[in-house]
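First comes the structure, then the notes that go with it.
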Amino acid sequence: MTTYQLGVLFGDGIGPEITQSAVDILQAASRKEGLQMDFVTLPMGWEGIEKYGDPLPQHTKDELAKLHGWLMGPHDSAAYPGQHRAGRNPSGELRHDFDLFSNVRPAKNMPGIEGVVRNTDLIIFRENTEGFYCDRNMFAGAGEWQVTEDLVISAGVFTRKAAERIAHEAFRMAMQRRKKVTVVHKANVIKLGTGLFKRVCLEVALHYPEVQVDDYHIDAMTAHLVRRARDFDVIVTENMFGDILSDLTGELVGSLGLAPSVNTSDRHAMAQAAHGSAPDIAGQNIANPVGMILSAVMLLQWLSARHRDAALQAAGERIEQAVFKTLEEGVKTRDLKGSASTTVFTAAVIANL
Ligand code: ATP
């Protein structure tokens, strides 16, 4: 039997609390499904700076490369000392170095959670390696140039290769769902860059004749999501648009604290809640761990497909159902107007497994 080796990067702020919650639940669920899992803790964020003088030490990257996948806690990179703020932040660095080109961010209504929208179940495929996030766009350097004190150039990059591979991911997922893909761009203004993204996505669509395709400008899309989120199934878009849209969809179905994601390449997967390190509530045992727990579920689904191991899929389904049951029972953290601590919520999920 395979022993799955999973990395654990606790990170900053609420990172240690929510990541420990996800690890405890993964351990309990894997015991129920007869899975073998080892967890390898590696420094990232302030811990990396303290131990190795680097928020993402080379040692951490070298070890991650050997593992089946990993859980990435949030980082508070805006608070790092000057020299560490200048470069890519740890998750940008990992996405770049491991070519984690696909950031998958689902948003669906959950039992017991009052959302702004109802009956919504959609999934965003965010291209993760280029686009308007210019720190991803260079082999070296940051993709931004300060020409004078008052003039900065920020370079967006769009390639056929990146658009093609994220589009295929999106269409493959659509084939397993409601067979509908929406391409989001701004090709009426950023005609060449997002125009190329749109064109390539529509070319890829020709390989999936069963899938219905439409496309919207990013600004119009925000209005459509608020008005009729339930009509959307799979959305594919560039890096920054995907980041912004997924915060919107996370909040539309309940709370950003519930929003999961996974970052994948063909060989690696990194589970990562969509929210940040929430330093305002760190260390108080009140953070909502659901986004991180459901990100771990997405990692299990990816591992299950990659290693053709149904027990991983079963463990993921078991965890998701236990989270939904716990929320339905009214056990909720403070952001959801409940009173459960992070550890009480975690224990309730484990009891419901
Ligand atoms: P980043 O730029 O790293 O994404 P951010 O500054 O945009 O981070 P967050 O750290 O996500 O923002 O925090 C935004 C707000 O949401 C804060 O008030 C924070 O307390 C709250 N928040 C974020 N995640 C959670 C969570 N898991 N549980 C409870 N509250 C959360």
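Need a quick list: strands (runs of 3 or more DSSP E) entirely within segment 101-188 having at least 3 residues that are within 17 Å of Val253 (Cβ to Cβ) and under 21 Å from the mean Cα position of the chain (by Cα).
102-108, 121-127
Would segment 45-57 turn up any residue that is open to solvent by less than 50 Å² (accessible area, probe 1.4 Å), more than 16 Å from the ligand (Cβ to nearest atom) and closer than 23 Å to Glu130 by Cβ?
No: zero hits.
Say whether the condition of being within 11 Å of the ligand (Cβ to nearest atom) and aliphatic (A, V, I, L, M) is met by at least one residue in segment 260-274.
Taking every residue of segment 260-274 in turn, at least one turns out to be within 11 Å of the ligand (Cβ to nearest atom) and aliphatic (A, V, I, L, M).
Based on this model, can you work out whether Asn263 counts as assigned by TED's automatic domain parsing to the domain that holds Arg306 and among the polar types (S, T, N, Q)? Outline the logic, then answer.
Numbers: assigned by TED's automatic domain parsing to the domain that holds Arg306: no; among the polar types (S, T, N, Q): yes.
Spelling it out, it is not the case that Asn263 is assigned by TED's automatic domain parsing to the domain that holds Arg306 and among the polar types (S, T, N, Q).
Do you know which of the residues in segment 230-239 that are in contact (Cβ under 8 Å) with a residue 24 or more places away in the chain and assigned to a helix (DSSP H, G or I) is farthest from Lys186 (Cα to Cα)?
Arg230
Exactly one of (1) buried (at least 24 other Cβ atoms within 10 Å of the Cβ); (2) out of contact with any strand residue (DSSP E or B) (no Cβ under 6 Å at 6 or more places or on another chain); (3) assigned to a helix (DSSP H, G or I) is unmet by Arg227. Its number?
Checking Arg227 against (1) buried (at least 24 other Cβ atoms within 10 Å of the Cβ); (2) out of contact with any strand residue (DSSP E or B) (no Cβ under 6 Å at 6 or more places or on another chain); (3) assigned to a helix (DSSP H, G or I), the one that fails is (1).
The values are calculated or read from the model by the stated rules, or taken from the named source; none is laboratory data. Being a predicted model, the structure only gives us computed values, none of them experimental. Because the Cβ atoms are built from the backbone with ideal geometry, glycine has one as well, and the counts that use them run over all protein chains shown. Keep in mind that these areas ignore ligands, DNA and RNA; they rest on the heavy atoms of the full protein, side chains included. Shrake-Rupley method; radii C 1.70, N 1.55, O 1.52, S 1.80 Å.
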